[in-house]
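Chemist: To start, I am sharing the structure in question, which I have written as C-alpha cells.
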Amino acid sequence: MTVRQAIAEASAHIAPRDAEVLLAHILNRDRAWLLAHIDDPVSAEHLAQLRAFTDRRAAHEPLQHLTGEQEFFGLTLRVTRNTLIPRPETEQLVEAVLNHVAERSHSLHSSHLTSHILDIGTGTGAIPIALATHLPTAQFTAVDLSPAALAIARENAAHHHLANRIKFIESDLLAELPHETFDVIVSNPPYIALADAPTLAPEVRDHEPHLALFAGNDGLSIYRRLIPAAHAALIPNGLLALEIGFGQSETIRALFPENEWHNLRILDDYAGIPRIVLAERN
C-alpha cells in the first residue's frame, strides 16, 4: 500500500488531515514529505500502526494524545492524559503578557527589565515556557496541583533549555508561596461548570484531566479564590492576566473590587468571544 492509499483508507474513518498527521508521526516525517512521497510504499508495520491509531482517533481520542505533542507559540510541547492540551486562545494570553511587559519596559525606559512572573495551573508548562523564550531576563515560577502535570512541564522546560529559568512547585494556587511577590501573575485555570460536562466534545470530556477543566457548579470557583490571592501577592501596579470561559466576562468583572484593582480590560479572542481579563493591582 502506498502513502496515498494509506491516507485514503484512514480518511474513511477520520478527518483526512488527522490521517496525514498520524502517518507523518509514525514515519517521523512532516506533511510536506508525505506529499512529495505520496506514491512511496508504506511498510506493513507502519500500516498496522496507522490502523491502530485510526481506530483510537475514530473513538475520539485526541490527536495530540496519539502523537504525544502539541505546538504552542511556535514551540513543540509534550502532552499526555495528565495535562490539558494547550489551545490557540491561550497563545493570546501569552501575547497580552508580553505586550504588558514591553509597555512597562518602555515606560520605565529600560529594555532589560527583570520581572518575576508566576503561572498558576501550569499544566504542560506552555505559558511560562513561551514567555521565557521571549523574555530572557525574566524569572519564572509555575505551580500546579498535579504532580503528573508538573513532571511533563519540567520535561518540556528542559527540552527547550529553560529548566534553570522556571521553578516548578506543587501547590494549590499560591498556598506554597506565602511570602513571595510577583510583577505578573498569569493563569488559564479550570473554568468549565460541572453542569456543562455533557455538552463537551468527547475528546475533551473523556480524555483530558477533569482537574484542569472543571471549577464547581458555575465554573467560577477557582477565580473566586485566585483573584484575592493574586492581589495579595502582586506588587503595586502588578498585572493579573486570566483566561476565561464563554459568557463569564461580566460575572468575573464583578470579582475585581474597584478599590483594589485598576485598568481592568477584557479582550476578545479570534472568534470575538471575551477571553482574556487583564487587571492591575492598586
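The values are calculated or read from the model by the stated rules, or taken from the named source; none is laboratory data. Remember, it's a predicted structure, so these values are computed and weren't measured experimentally. Quick reminder, even Gly has a Cβ in these numbers, built from the backbone with ideal geometry, and neighbours come from all protein chains shown. For accessibility, only protein heavy atoms count, side chains too; no ligands or nucleic acids. Shrake-Rupley method; radii C 1.70, N 1.55, O 1.52, S 1.80 Å.
Chemist: Can you tell me which residue in the range 122-144 is farthest from the chain's Cα centre (by Cα), limited to those that are part of a loop (DSSP other than H, G, I, E, B) and farther than 19 Å from LEU84 by Cα? Working first, answer last.
Modeler: Going residue by residue through the range 122-144, those that are part of a loop (DSSP other than H, G, I, E, B) are 122-125, 135-138.
With the extra rule that they be farther than 19 Å from LEU84 by Cα, the set shrinks to 135-138.
Working: LEU135: 18, PRO136: 20, THR137: 22, ALA138: 20 Å.
Among them, the one singled out is THR137.
Chemist: Kindly list, by first and then second residue, each pair from a residue in the range 254-282 that is crowded, with 18+ Cβ neighbours inside 10 Å to a residue that is in a strand (DSSP E or B) and charged (D, E, K, R), limited to pairs with Cβ atoms under 6 Å and residues at least 6 apart or on different chains.
Modeler: ASP269/ARG275; PRO274/ASP268; LEU278/ARG265
Chemist: For the range 4-62, what are the residues that are open to solvent by 70 Å² or more (accessible area, probe 1.4 Å) and either in a loop (DSSP other than H, G, I, E, B) or acidic (Asp, Glu) (or both)?
Modeler: Listed by number, the residues that qualify are ALA12, HIS13, ASN28, ARG29, ASP30, ASP39, GLU45, ASP55, HIS60.
Chemist: Name the single residue that is farthest from ALA163 (Cα to Cα) among those in the range 63-107 being over 12 Å from the mean Cα position of the chain (by Cα) and part of a loop (DSSP other than H, G, I, E, B).
Modeler: Among those residues, the one meeting the criterion is ARG81.
Chemist: Same structure again: Conditions first: (1) loosely packed, with under 15 Cβ neighbours inside 10 Å; (2) free of Cβ contacts under 8 Å to residues at least 60 places away in the same chain; (3) more than 16 Å from THR80 (Cα to Cα). PRO147 passes all but one, so which condition is the exception?
Modeler: (3)
Chemist: Another one. Only residues that are part of a helix (DSSP H, G or I) and in contact with a strand residue (DSSP E or B) (Cβ under 9 Å, 6 or more places away or on another chain): list them for the range 152-167, please.
Modeler: Pass one, the range 152-167, residues part of a helix (DSSP H, G or I): 152-159.
Result: ILE152, ALA153, ARG154, GLU155, ASN156, ALA157, HIS159.
Chemist: Another question, then. Can you run down the residue pairs with Cβ atoms below 6 Å, 6 or more apart or on separate chains, where the first is in the range 187-210 and open to solvent by 70 Å² or more (accessible area, probe 1.4 Å) and the partner is outside any helix (DSSP H, G or I) and of a type outside the set (Phe, Trp, Tyr)?
Modeler: From the range 187-210, the pairs are LEU194/ASN217.
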